[in-house]
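Since every read-out is calculated from the coordinates, none of them should be taken as a lab result. Worth saying up front: this structure is predicted, and the values here are computed from it rather than measured. Note: ideal-geometry Cβ built from the backbone for every residue, glycine included; neighbour counts use all protein chains shown.
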Amino acid sequence: MTSPLALLSPADVPSQALASSAAGQAPLAPLAPLANADQVVPLVQGGFSRWVNLDYAASAPALRAVADQLGSVLPLYASVHRGASYASEACTAAYEAARYEVAAFVGARDDDVTIFTRNTTDALNLLASAVPGDVVYLDIEHHANLLPWQARGDRLVPARATLAETLAAVEAELASRPAALLTVTGASNVTGECPPLAQLAAIAHRHGARLAVDGAQLVPHRRVDLRATGADYLAFSGHKVYAPFGAGALIGRRDWLDAAPAYLAGGGAVREVTADGTRWADAPARHEAGTPNVLGALAVATACRVIAALPAGALAAHESALLGRLDAGLAAVGARVLRIWPDAADRVPAVSFTIDGLPAARVAAYLSAEHGIGVRDGRFCAHPLLGRLGCGDGAVRVSLGLGSQADDVGRLIGALAQLRDEGPRWTYGADHRPTPDPRPLPAWANAPSGTAERVTSPCEQ
Ligand code: PLP
């Protein structure tokens, strides 16, 4: 029987990726096999096109290794921690090994705790329930790292015109009054810009605070090392690291999490229950009540293993070569690229832009309908930041990952140039959707009578 946590070796990484990284060149073909390789999508004008997925920042496709791993676990899938069956013991061992593996992947300290959550939002809400004091946060954050603090009445620091000034403002806030925690995004989901984590950890610690990192956009692109950076907490989502099976993680200092009220009250989170009261377990069990998402946790661990097995620097080199092409192409078509800080040295490959005279929703609909290119438009769950950047009506976001290739960027830029020079070839309604939209949804999407009717989101994101 193959162990569900059998180690992947570099043999699982395509040879051209190893060869080009060994030669010091950035490979521009996918770095690791994905479950959606060669997927096609229908076009409004008829026919099909290779799906150009430029929306990794929203949710990344599953790694083939992740899908295969779960397939091999399923025959012995069983509930964990509370079963005496062989399958239950195997799944319990795999689940706890996954916890260990995720902790190792992010450089957790020996006494840190790793709690499986649903996603980053869940992880940050859990942390918010545990912080014994004030929290300082910035206004550039994704709502997941903003609303939990706003709800607690914590202290917002508006970002400044430069990163250096922003760091100084954060330090001044921490110096003015004690705070328990400083929380920042590891990489902006709008601009890809990365604040310097080690420096932020040093600033926080200088003033007696801890540092939490929203790693949703950073972990898919950079190795985050809690020990090396000094960051105290890290939250991230499996679905953004090629493991879209409903699990995420919160990793960090144990004391607050052991002292906090159980995040959910229920089975598995307790030591002893009597009619009069409950003696709660320590973390992680304390915050994982109910039947855990075993497959989701195994998926996250497998994805961590695949990413860890990539040759050192290969992912960053791959993505930065593509990002360079993307930047140049967007400049050539006259797009206005959003940036928070002119002095942010590091960026992950998520780029948001506007094009004069073209609503973002129209651009996104056109790219999908006429070219089979998937991007995101809107305000990216970062309304204060989009407002600060003068994009209250939204922008278009293009994001890349380890499955991206040079042709993806080329197709995007070609489609944008065509839109600029010739306009769309299809008609679009006031809501910017293609009208008519003859593309059938797949049978599993349960489209009413096979038409292209869409379920719309109740809120603007
Ligand atoms: N933080 C950032 C920076 C994000 O980009 C996202 C999602 O896009 C989140 C948090 C929330 O992640 P999730 O929806 O997986 O909880």
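The protection proxy used here, the mean number of other Cβ atoms lying within 10 Å of each residue, ranks peptides 79-92, 264-277, 129-142 as follows, highest first: 129-142, 79-92, 264-277. Charges were assigned to the Cβ only: +1 to each Lys and Arg, -1 to each Asp and Glu. The resulting dipole of the chain about its Cα centre is roughly 200 debye.
Around the amide H of Tyr56, modelled in the peptide plane, lie the amide H atoms of Ser399, Leu400, all under 5 Å away and 5 or more residues distant in sequence or on another chain. Straightening the chain between Ala161 and His81 buys 23.7 nm, computed as 0.36 nm per residue apart minus the Cα-Cα spacing.
If r is the Cβ-Cβ distance from Asp225 to His432 and R0 is 60 Å, what FRET efficiency results, to the nearest 0.05?
0.90
For the range 65-308, averaging the sequence separation of C-alpha pairs within contact (under 8 Å, six or more residues apart) and dividing by the residue count gives a relative contact order of 26 percent. Here the peptides 320-332, 39-51, 236-248 are ranked by packing, the mean other Cβ count within 10 Å, and the order with the highest first is 236-248, 320-332, 39-51.
Remark: the Asp356-Ala406 segment gains 15.4 nm on full extension, using 0.36 nm per residue and subtracting the alpha carbon distance. Size descriptors for the chain (Cα atoms only): Rg and Dmax, in that order, 22.7, 73 Å. Taking amide H atoms as placed 1.01 Å from N in the peptide plane, the amide H of Arg210 lies under 5 Å from those of Leu181, Leu182, each 5 or more residues away in sequence or on another chain. Place a label point 7 angstrom from the Cα of Ser59 along the Cα-to-Cβ direction, then list the residues of the range 180-221 whose backbone nitrogen is under 20 Å away. Label zone hits: 189-190, 215-221. Packing, taken as the mean count of other beta carbons within 10 Å per residue, orders the peptides 187-199, 292-304 from highest to lowest as 292-304, 187-199.
Dividing the summed -39500 (n - 2.57) terms of all DSSP H runs of n ≥ 4 by the residue count of the chain sets its mean residue ellipticity at 222 nm at -10500 deg cm²/dmol.
Sorted from longest to shortest, the spans of the Cα atoms of the range 65-308 along the three principal axes equal 58, 48, 28 Å.
Computed from phi, the 3J(HN,Hα) profile of the range 279-284 under the Karplus parametrisation 6.51, -1.76, 1.60 (θ = phi - 60°) reads 9, 7, 6, 6, 5, x Hz, with x in place of Gly and Pro.
When only C-alpha pairs under 8 Å and at least 6 residues apart count, what is the relative contact order of the chain, in percent? Please report the intermediate quantities before stating the final value.
Details: 905 pairs, mean separation 100.0, N = 461.
So the answer I get is 22 percent.
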